[in-house]
Every structure is written in structure tokens, then in C-alpha cells.
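Read-outs throughout are calculated quantities, based only on the coordinates presented, and are distinct from any laboratory measurement. Because the structure is a prediction, the values reported are computed rather than measured. Counting neighbours? That spans all protein chains shown, and the Cβs are built from the backbone with ideal geometry, glycine included.
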Amino acid sequence: MTDPSVTGELVGSGRVAPAGSVTGSARAYAPRRRASWKSVALPSEHGGWGLTAEPGLLGILLAPGWSSLWIAVAALLAFTARTPLKILAVDLRRKRMLERTRLAALVGIAELALLAACATAAVATAAAPFYWPLLAAVPLVGLQAFYDVRSRSRRLVPELAGAVGVCAVAAMAVLAGGGSALLATGAWLVLSGRAVASIPWVRAQVMRLHQRSTDGRALIATDATALVAATAAFALEPSLWPGSIAVAATIGAQRLIERAEPMPAPRLGAIQMAMGFAVVAITAIGVALA
């Protein structure tokens, strides 16, 4: 529903026509709908692109090779396939068959086929088995899917579960490239710490932007969890110490940023993407120089 006071201000300013009339100005300000294929094929979670690309990129940098590349591409395909599969699951659960349902099924099948091809290529080119991180991530991704089907994927728990699950891609790529299990686990922990600290913080900043109250204790808890994950990564694999420090620096930078005025969501997303890729780069450089 639209806030009547906001509507009144827009009408008074001439940006929105009164009810019952259609003017050129009103048509100009009418929201544009996304093309049907885009609405079922491309995720609307812009931040998810960075959170999905970071583990794949770190895996490629830590264990260069065809197997890590195929795993990274497969992760991106899994991220895009989530959108049509979610639409399909929601519509089937509500016992309805719409045009978008059929389109989502076609797009989902195509993306899953490409995903299967990438997975096959990764297995064929892998220097060692890389399955256990995938098995460990299945419950986390499954929890997110459970919320997806019920149209509750925007809640904090499924977002965190899905992000931590996706970070397993870095561990899979490291193992497939012949890296050690300790390095693989540590890389997973570094990126998990970055995600656990960043997702709740972004949500809090969006709430600030809309002048809603936030729970500071929850942010303290997630920050502490992220620091524990980063510390555990260093304890497992000392060469990851720059990545662990980068996670701590990210938390500190976020705390400094929140002292300023709330910023628009696009700027928040750009800052988060820059921070995420910085963590990836610092982590990879630290391991290369160890």
C-alpha cells in the first residue's frame, strides 16, 4: 500500500496524477516492468553476484587450473538457476501454472544442464576429489531453499546459510587443484567470516536508510562470529593470516561507515563488492607470498 501522505505530496508536485486520470506525466513516472525472460532468468539480489563470484575467484587464485575455473562457473550457474527454480517451486506449491511458470521451467532446465556440464568438466580435470565441501554445504543451501519455496528468502537466517554454503566453492576449487584440506577449509572460513559480518550490516544500513531501528546486539554477535571464523582460518593455515586481518579490517571499516549518514543501496552494494574482492585479493596474495 502507498502512504497517503507521500501520494499527496507527489500529486501536489505534479509528478503523479490524481486518481482516475491518466496524464503523460503519470505515464512517464509509471514503473517499468522487467522483461519476462529476465524476471525468471536473472536474480534480483544484486549483492548475491559478488558473494557468489568471490569464492570462485579465490579458488582460481589459490589453485589455478581448469577444474577451479569450471567449479567457479558452475557456482554462478547455480546462483542464476536458483531464480527460475524458486519461481517454479513457489507456483507449483500454490498449485498454479502461469506463463512465467512454464518459462521458469524451461530456463531452469537449460541452466541446470549447463551446470551439469560444468560439474562434469570439473570432475574430469580435477587433480584430487573435492566432494566433501559440497556435502558439508548441502544442509546450508537446503535451508535456504526451504525458505525460498515459502517466499521467505529475504530473512536473515536463509541469507546467511546460503552465503556460507556458497563459500564452500572456494574449498572445492582448492581441493580440485590439489591444495591441502587445511588451506581449503581456511579459505572457506575466511570468506564465511566476510559474509557473516557483511550481510547483517548491509541489512542494518538499509533499515537506517528507511529510518527503522536496528538491533545493535545482533550486529555485535555476527561480528564476533566472523572474527572467530577468521581466527580459526589462521589457526588452521598460517598463510591465511592476511585474509584473516582483511576480515577484521572489513568489520572495522563497516563500523566507521555507519557513523556517517545512511547511503543509498547502490552505493552500499558497490562498497561491499569492493570490500569482498579486496578480501579475496589480500588472501590470495598472502598465500602466494607465504
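Just how many % of Cα pairs in the range 56-108 lie over 15 Å apart, if you round to the nearest whole percent?
55 percent
Pairing the Cα long axis of helix 265-289 with the longest principal axis of the chain, what angle in degrees results, from 0 to 90 and rounded to the nearest 10?
The angle comes out near 10 degrees.
Test of understanding: what is the full-extension gain from PHE146 to GLU99, defined as 0.36 nm times their sequence separation minus their Cα-Cα distance?
Extra length from PHE146 to GLU99 when fully extended: 14.5 nm.
Calculate the dipole size of the range 193-290 relative to its Cα centre from +1 charges on Lys and Arg beta carbons and -1 charges on Asp and Glu beta carbons; express the result in debye to the nearest 20.
For the range 193-290, the charge dipole is close to 280 debye.
Could you tell me, in Å, what Rg and Dmax come out for the Cα atoms of the chain?
Looking at the chain, its Cα Rg and Dmax stand at 21.4, 70 Å.
Could you check the simple spin-label distance between ALA224 and ALA290, using points 7 Å along Cα→Cβ, in nm with one decimal?
Label at ALA224, label at ALA290, 2.8 nm between them.
Could you tell me the distance between the Cα centroids of the range 242-290 and the range 160-220, to the nearest Å?
Taking the Cα centre of the range 160-220 as reference, the centre of the range 242-290 is 12 Å away.
Over 25 Å, how big is the tail of the calculated P(r) for the range 117-233, in percent of all Cα pairs?
Summing the P(r) tail past 25 Å for the range 117-233 gives 32 percent.
Simple spin-label model, 7 Å along Cα-to-Cβ: ARG267 to HIS210 in nm?
1.9 nm
Determine, for each peptide in 187-196, 162-171, the mean count of other beta carbons within 10 angstrom over its residues, then list the peptides with the highest first.
Top to bottom by mean Cβ count within 10 Å: 187-196, 162-171.
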